[in-house]
1. Go through the residues of segment 140-163 one by one and say whether even a single one is in contact with a His (Cβ under 6 Å, 6 or more places away or on another chain), assigned by TED's automatic domain parsing to the domain that holds Leu108, outside any helix (DSSP H, G or I) and small (Gly, Ala, Ser).
2. Enumerate the strands (runs of 3 or more DSSP E) found wholly within segment 419-501, keeping only those where 2 or more residues are touching a helix residue (DSSP H, G or I) at 6+ places or on another chain (Cβ under 7 Å).
3. Can we say Gln104 is surrounded by fewer than 16 Cβ atoms within 10 Å (Cβ to Cβ), out of contact with any strand residue (DSSP E or B) (no Cβ under 7 Å at 6 or more places or on another chain) and at pLDDT below 50?
4. Can you say whether Arg195 is in the same structural domain as His176 (by TED's automatic domain parsing) and more than 13 Å from the ligand (Cβ to nearest atom), as far as the supplied structure shows?
5. Which ones in segment 306-347 are closer than 30 Å to Ser483 by Cβ and not in a helix (DSSP H, G or I)?
6. When you check Leu443 against the structure, is it under 25 Å from the mean Cα position of the chain (by Cα) and not assigned by TED's automatic domain parsing to the domain that holds Gln333, yes or no?
7. Taking the stated definitions as given, is His176 in contact (Cβ under 8 Å) with a residue 60 or more places away in the chain and within 15 Å of the ligand (Cβ to nearest atom)?
Amino acid sequence: MMCSGSQNRFSMGSVAWCCLLLVSCSSREAAQSDNPVAKQKGTTSTKRMQQPAQPPAPVVVSPNTQTQPAMQPLPIQIDGPAAAARKNPLDPEKIRAQGIRTIQGQHLTLYTDMPTNADIQSLPKILELAIPQWCEYFHVAPEKMAAWKVSVCLIQERQKFDAAGLIPATLPSFEHGYAFGNRLFINEQPSAYYRRHLLLHEATHAFMFENFSSAGPPWCMEGMAEFLATHTWDGTQLQLRQMPKTKEDVPYWGRIKIIKDQVAEKKGLMIQEIMNFGSDAQLRLDAYAWSWAACSFLDTHPAFQKTFREHLKNIGDSSPEFSLDLVKAYGEQWFQVRQQWQVFVMNIEYGFDIARESIDVVEVRPLELAAEVIPVRADRGWQSTGLRVTAGMKLAITATGRFVIHREESENQPQGIPWESEAGGITLRYHRGQPLGKLLIALDEPQQLGETGLSNYGPVGAGGDIMIPSDGVLYFRVNDSPSELAANEGTLQVTVQQITD
Ligand SMILES: [Zn+2]
């Protein structure tokens, strides 16, 4: 469901934001506190009108509990104390009689009716390799987890597990996986990746509850489980917390596709809307995808990671206060979180390079009459010039220099064959309708709420005269996929000069 046109919305290409009334009225209230700015179309490459900077919102996640229920957990997760699940001891005879195999590992007892194969045999090892990574991430002493053990039912035919007494009577129905204390239940999945992913997801819940008695509000509980479960595995090395490089690396995971599809449908979510997630079964898969994106973004972003990780010491708090306090902890930086979150989700793709797409903060000053020469790096995303311009200004822009915009795979050159470009870009390849390497310009108000102007950009290429449609700060970047910035090298020199009549 989408809100009406009175909400914040802009358009540029196929991208537009609109608050999505995702879960509850508290979400709506929060979205309104974001409420933006009137926008008008300009006539040049930067078309967006902005209103002056607004003061920071005291809180962005609505704490209004008078009319709204407290956030409720998402439908799939831990809901029962481990003790309740342990009441009925398991009967090995009954389990064997159903043809269910038992595989013992150091930290895991696996029950499955699946035929044995190498992927399934590796599951105990996967958990063994994950535990030290969770311990390090959450600052839990490894000794504390030395004797920790979970049981996992990997289920193809549910009735066999019912008959074997492996399913607690109080276990709610679930679609993919469920953590019931230290007993984990996973429905068999069509890919080995997704099977491991679900094991890691549910075991993350169990680990967090074991150590912190809670895992934060829904977006954090599910987002952290997703983030810590998204992994690479080569048969020997397990690496958690990975941004998937390609779709083929994570078959059936699908979170990035969900976000891309929703953004394309103008249903992109602001980060504070995700923090307001409550219980909503119909939108469950969306909620997992967005929660993953939020945790992944905050944890991986070089400027936002420290505050996020420090705040995780409060993970035992599953109330809305957790999110409110996180926003407060960011303080003025919350403006940047909001701005860069939007850049992230609007351009999300496999391999999105959050670090290179991060936008460095530059002190803002007015553009005077003297020409300014701004270096623009090819291996980074949007870069602030720090130059404030005002509506009606005419600017002459020229860009000089050569840079590497891509490296073509080559058997003879390990580094790849560099594709060199100037500011006009190269037409060998296009990204989002513009030549790779072409200089792009945008206008944003970094200290304001609402949608970022960085979604509304235009090509400037080697240069030209432009009319500034509204007040704001100038940003530049070269056109490239956010997953391929690491291949780039070099800097453009962009000269910006006011034209006075
Ligand atoms: Zn979960």
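1. Looking through segment 140-163, none of the residues is in contact with a His (Cβ under 6 Å, 6 or more places away or on another chain), assigned by TED's automatic domain parsing to the domain that holds Leu108, outside any helix (DSSP H, G or I) and small (Gly, Ala, Ser).
2. Values: elements: 426-431, 434-436, 439-444, 463-467, 472-478, 491-498.
Here the list reads 439-444, 472-478.
3. Numbers: surrounded by fewer than 16 Cβ atoms within 10 Å (Cβ to Cβ): yes; out of contact with any strand residue (DSSP E or B) (no Cβ under 7 Å at 6 or more places or on another chain): yes; at pLDDT below 50: no.
Criteria not met by Gln104.
4. Details: in the same structural domain as His176 (by TED's automatic domain parsing): yes; more than 13 Å from the ligand (Cβ to nearest atom): yes.
Answer is yes for this residue.
5. The one that is closer than 30 Å to Ser483 by Cβ and not in a helix (DSSP H, G or I): Asn347.
6. Values: under 25 Å from the mean Cα position of the chain (by Cα): yes; not assigned by TED's automatic domain parsing to the domain that holds Gln333: yes.
Yes.
7. Numbers: in contact (Cβ under 8 Å) with a residue 60 or more places away in the chain: yes; within 15 Å of the ligand (Cβ to nearest atom): yes.
Criteria met by His176.
The values are calculated or read from the model by the stated rules, or taken from the named source; none is laboratory data. As the structure is a prediction and not an experimental result, all values here were calculated from the model. With ideal geometry, Cβ positions are generated from the backbone for all residues, glycine too; neighbour counts draw on all protein chains shown.
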